[in-house]
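First up is the structure itself, then whatever we jot down about it.
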Amino acid sequence: MKTAQFLTNLSLPLGRAGVGFFGPFFLLLLLSACSEQRIVPVPERDWEHTTYLFASSDEPKSDTYYRPYAGYVGDVMPLYDPQSKTFKIGYLQDFRPNPVGTYHPIWGVETADVAHYTSLDEIIPCGGINEQDAAVGTGCFVYSEEQGLYYCFYTGHRYELLQAEDSREIVQMAVSSDFKTWTKSRTFLLRGRDYGYSSNDFRDPCIFRTDDGIYHMLVSTTANGKGVLAEFTSANLTDWTHQGVFMTMMWDRFYECPDVFQMGEWWYLVYSEIHSAVRRVQYFKGRTLEELKATTKNDAGIWPDDHEGFLDSRGLYAGKTASDGQNRYLWGWCPTRSGKDNANVGEQAPEWAGSMVAHRVVQHPDGSLSLGEVDAIRQKYAQEQKVVVMRRQGEVQETDGKYVLQEGSNLLFNRLGYHNHIRLTVRTEGASDRFGISLCRGTSAVCEADSGVYYSLVLNPESETRRKINFEQEGENGKGFIANIDGYTFPTPSDNTYRIDIYTDNSVLVMYVNDNVCYTNRVYGIARNCWSINCYSGTLSVSEVVSYQQ
């Protein structure tokens with residue numbers, strides 16, 4: 001008998017008299033048992049053959065959707081470096097808590113494939129508490145091949161206005177010959193008030209170059225109470241001439257983190273709308289710069305596609321792009337959720353900053369854009385995992401790894417890892433059939449019933465011709481639809497077929513549908529828990545279900 005079993009099975013009372021009588025005998029048996037048998041470690045739980053919900057947590061650092069060991073990633077500033085043949089991405093470092101008044105220095109990472117990142121640590125530090133750049137705001141990096149110099153144009157945000165002529169925000173500059181050691185210019189101070197713009201909102205400079213070799217700088221600001229992009233031009237990146245308003249912003253909107261680039265025959269403006277009713281990464285397009293400017297002239301609202309230029313959900317913000325000449329990528333940040341509450345979304349991001357997410361920019365024949373898979377991330381997630389059906393609910397038929405689900409049915413699959421790529425094809429019987437994929441799903445530890453809540457990505461029919469990805473908290477205690485984190489509408493496929501790819505890196509999730517729909521979100525609890533496919537109405541045919549890990 002094992003010692004533990006002996007202790008458990010011993011039923012005689014060991015009161016004071018008992019201890020006196022059984023004490024030596026008990027000690028002898030205990031020593032005898034220990035001498036005859038080595039201590040065997042308790043085996044780990046058999047997670048793979050269970051379905052109950054596990055309270056998992058993120059790893060301390062993420063590499064695919066980058067987050068450093070300390071702090072979080074804020075607004076990004078990507079550059080393709082022709083010298084190193086790599087992308088260098090500066091970002092505002094959010095420490096939590098940040099020092100009072102002096103916060104968000106520019107840190108950086110480097111990547112050759114947009115799937116693996118190396119930290120560059122701090123690039124541009126904050127200034128002193130009474131300096132103009134006590135806090136550092138978004139900007140951009142530019143490399144001058146003629147000069148062999150790197151330039152960083154950034155927002156200097158003053159903590160306290162000490163004099164009447166002080167501005168809350170201005171554009172400042174730093175220069176480096178190696179992207180390692182940077183020197184701040186103490187003479188380059190671009191103030192909006194000097195040109196009739198706001199002193200409080202004059203930020204987020206972006207630089208692009210036209211075929212004539214002229215550099216153009218756009219700055220997000222306001223004039224006469226209306227949001228505008230102010231334009232300055234330069235031949236050498238140091239001497240800038242004001243050119244007036246490049247583009248007005250529609251209605252009461254304010255376009256943060258602007259990014260202008262040419263791709264093929266089209267010019268684009270990618271921006272992040274600060275208005276709480278929208279707060280997404282969007283874009284406009286034009287065959288010329290003049291046509292691009294006209295898309296918002298007099299509040300025209302000439303949208304680039306049939307969903308107002310939305311590129312993602314509200315799970316991605318402050319997106320900016322860079323190209324290596326073959327592919328253009330967009331980086332932004334996915335916010336964390338206060339209290340790690342997946343339903344705590346709010347009209348604004350509940351917490352500023354989070355993890356850096358990258359997508360490939362996809363250009364369609366009509367010039368419209370969408371965001372798609374990064375090839376290197378797909379290649380990185382290369383270890384195929386066995387997909388096992390752990391539970392069937394409702395009417396489900398299976399034939400050679402293909403499934404037919406009727407209304408009200410679902411399939412529960414085995415546990416995921418920390419870094420996952422789920423791929424599957426779903427075909428609906430009709431355009432109004434409703435289905436979804438659930439994560440953080442499992443059963444109660446004491447019965448086969450579902451746990452209290454789980455989270456679903458629902459491909460919801462908005463009409464006979466349009467769909468949208470909704471985020472829902474399901475289960476007995478679920479709230480249902482979670483507002484402010486749904487996707488944009490997209491055309492229902494003519495063949496009712498959906499090719500779905502879901503990537504996760506700890507709690508960051510990205511979903512692609514048919515290479516023309518992108519959806520990013522933060523969902524805590526994915527790792528080490530089960531997932532499911534659900535048929536809410538109609539009939540689903542599900543095939544090619546594959547799971548990969550890093």
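The values are calculated or read from the model by the stated rules, or taken from the named source; none is laboratory data. None of the values given here were measured: they were computed from a predicted structure. FYI the Cβ positions are ideal-geometry reconstructions off the backbone, even for glycines, and counts take in every protein chain you see. The protein model used for the area step is the full one, side chains on, heavy atoms only, and it has no ligands, DNA or RNA in it. Shrake-Rupley method; radii C 1.70, N 1.55, O 1.52, S 1.80 Å.
Worth pointing out:
- Debye log10 I(q)/I(0) at q = 0.10, 0.16, 0.21 Å⁻¹ for region 265-392, Cα point scatterers: -0.42, -0.92, -1.24
- Rounded to the nearest 20 debye, dipole of region 321-426 from Cβ charges on Lys, Arg, Asp, Glu: 380
- Between 0 and 90 degrees, the angle of helix 16-36 with respect to the longest Cα principal axis of the chain falls at about 70 degrees.
- Mean Cβ count within 10 Å, highest first, over the residues of peptides 481-492, 298-309: 481-492, 298-309
- The tail of the calculated P(r) for region 245-297, taken as Cα-Cα distances beyond 18 Å, holds 27 percent of the pairs.
- Pairs of alpha carbons in region 77-220 whose separation is greater than 23 Å (percent): 36
- Per residue accessible area in Å² of the chain, where ligands, DNA and RNA are left out and the probe is 1.4 Å: 43
- Projecting the Cα positions of Gln550, Tyr80, Val142 onto the charge dipole of the chain (unit charges on Cβ atoms of Lys, Arg, Asp and Glu, taken about the Cα centre) puts Gln550 furthest along the positive direction.
- Mean residue ellipticity (222 nm) of the chain, computed from DSSP H runs ≥ 4 via -39,500 (n - 2.57), nearest 500: -2000 deg cm²/dmol
- Multiplying the residue separation of Arg466 and Asp400 by 0.36 nm and removing their Cα-Cα distance gives an extension gain of 20.6 nm.
- Summarising the amide proton neighbourhood of Gln243: residues at separation of 5 or more, or on other chains, whose placed amide H is nearer than 5 Å comprise Glu231, Phe232, Thr233.
- Cubic angstrom per residue, convex hull over Cα atoms of region 306-369: 99
- Between region 456-499 and region 237-269, the Cα center-to-center distance that results, in Å: 33
- The phi torsions of region 223-229, fed into the Karplus equation with coefficients 6.51, -1.76 and 1.60 and a -60° offset, translate into couplings of 9, 6, x, 10, x, 9, 9 Hz, rounded to whole numbers, with Gly and Pro shown as x.
- Cα centroid of region 394-439 to Cα centroid of region 43-86, whole Å: 26
- Cα-based radius of gyration of region 341-399 once divided by 2.2 N^0.38 Å, which approximates compact folds: 1.84
- Considering all C-alpha pairs of region 168-290, those separated by over 26 Å amount to 23%.
- Over region 504-543, the hull volume per residue, using the convex hull of the C-alpha atoms, is 119 Å³.
- For region 438-507, trypsin sites (Lys or Arg not before Pro) are listed when DSSP marks them as loop and at most 13 other Cβ atoms sit within 10 Å of their Cβ; the list is Lys479.
- Dipole moment magnitude, nearest 20 debye, region 123-205 about Cα centre, only Lys, Arg, Asp, Glu C-beta charged: 100
- Seen from a random direction on average, the alpha-carbon convex hull of region 114-174 projects onto 5.8 square nanometres.
- Ordered by 1.4 Å accessible area with all protein chains kept, Val142, Val388 run largest first as Val388, Val142.
- A simple spin-label model places the labels of Asp252 and Glu308 1.5 nm from each other, with each point 7 Å out along Cα-to-Cβ.
- The equivalent ellipsoid that matches the C-alpha gyration tensor of region 153-229 spans semi-axes of 23, 19, 9 angstrom, in descending order.
- Signed unit charges on C-beta, dipole axis of the chain, positive-most listed residue Val388, Gly309, Asn236: Val388
- Against the empirical curve 2.2 N^0.38 Å, the C-alpha radius of gyration of region 40-119 lands at a ratio of 1.60.
- The alpha-carbon positions of the chain define a convex hull whose volume is 213 Å³ per residue.
- In percent, rounded to a whole number, the relative contact order of the chain is 13, using alpha-carbon pairs under 8 Å and six or more apart.
- For region 307-410, trypsin sites (Lys or Arg not before Pro) are listed when DSSP marks them as loop and at most 15 other Cβ atoms sit within 10 Å of their Cβ; the list is Lys386.
- Share of carbon and sulfur in the accessible area of region 85-179 stands at 52%, probe radius 1.4 Å.
- Rounded to the nearest 20 debye, the dipole magnitude of the chain is 1420 debye, with +1 charges on Lys and Arg beta carbons, -1 on Asp and Glu beta carbons, and the Cα centre as origin.
- At most 11 other Cβ within 10 Å, DSSP loop - chymotrypsin sites (Phe, Trp or Tyr not before Pro), region 53-105: Tyr69
- All lysines inside 22 Å of Lys386 as judged from Cα atoms, apart from same-chain residues fewer than 8 positions distant: Lys402
- Scanning residues 5 or more positions from Tyr488 or on other chains, those with amide H under 5 Å from its amide H are Ile469, with H placed 1.01 Å from N in the peptide plane.
- Computed with the Debye formula from one identical point scatterer per Cα of region 420-477, without solvent, the log10 of I(q)/I(0) at q = 0.28 Å⁻¹ comes to -1.11.
- Amide H contacts of Thr138 (H built 1.01 Å from N, under 5 Å, at least 5 apart or other chain): Thr155, Asp204
- Two-decimal Rg/Rh across region 438-528, once Rg and the Kirkwood Rh are taken from alpha-carbon atoms: 1.00
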